[in-house]
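The block underneath contains the structure these notes are about, expressed in structure tokens.
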Amino acid sequence: MTKAEFIDQVADRAGLSKKDASEAVDAVLATIEDALKRGSDVVFSGFGKFSVSERAAREGRNPATGEKISIAATKVPKFSAGAALKKAVN
């Protein structure tokens, strides 16, 4: 599902115009992004949890040359599905 298709479905379910639904979806995504930037978790009971995970620095290899390279530590977004979402999918 693309973002445009998602917005269309939100508009239909909520009885909103596509413009209003687009603004609402953008606002939700921006709010989640801002919270993760601050280091906060975003939890939707039953749906899931958005959080930030830290990856430690490590050593890798260039697949073309076999040369060892250093991979820097980084932070990555993570989503853990909640029980209700897992149940709905199964």
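Quick rundown of the values:
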read-out	value
Which listed residue is in contact with a Ser or Thr (Cβ under 9 Å, 6 or more places away or on another chain), in the same structural domain as THR2 (by TED's automatic domain parsing) and not hydroxyl-bearing (Ser, Thr, Tyr), from LEU36, LEU29	LEU36
Any hit, region 31-50, residues being touching a residue at least 40 places away in the same chain (Cβ under 8 Å) and not acidic (Asp, Glu)	yes
Checking SER53 against (1) surrounded by 12 or more Cβ atoms within 10 Å (Cβ to Cβ); (2) touching a residue at least 24 places away in the same chain (Cβ under 8 Å); (3) more than 23 Å from LYS3 (Cα to Cα), the condition it does not meet	(1)
Top-ranked residue of region 30-68 - restricted to ones that are in a strand (DSSP E or B) and either charged (D, E, K, R) or at positive phi (or both), ranked as farthest from the chain's Cα centre (by Cα)	LYS68
Some residue of region 6-28 being touching a Pro at 6+ places or on another chain (Cβ under 8 Å), part of a helix (DSSP H, G or I) and not polar (S, T, N, Q)	no
Selection count where residues are among the charged types (D, E, K, R) and either within 18 Å of ALA30 (Cα to Cα) or in the same structural domain as VAL28 (by TED's automatic domain parsing) (or both), scope region 42-74	1
Lone unmet requirement of (1) surrounded by 11 or more Cβ atoms within 10 Å (Cβ to Cβ); (2) without any contact (Cβ under 8 Å) to a residue 24 or more places away in the chain; (3) part of a helix (DSSP H, G or I) for ALA84	(2)
Residue tally, condition closer than 26 Å to LYS87 by Cβ, exposed (fewer than 11 other Cβ atoms within 10 Å of the Cβ) and among the basic types (Lys, Arg), over region 5-50	1
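The values are calculated or read from the model by the stated rules, or taken from the named source; none is laboratory data. Worth saying up front: this structure is predicted, and the values here are computed from it rather than measured. Reconstructed Cβ throughout: ideal geometry from the backbone, glycine too, with neighbour counts over all protein chains shown.
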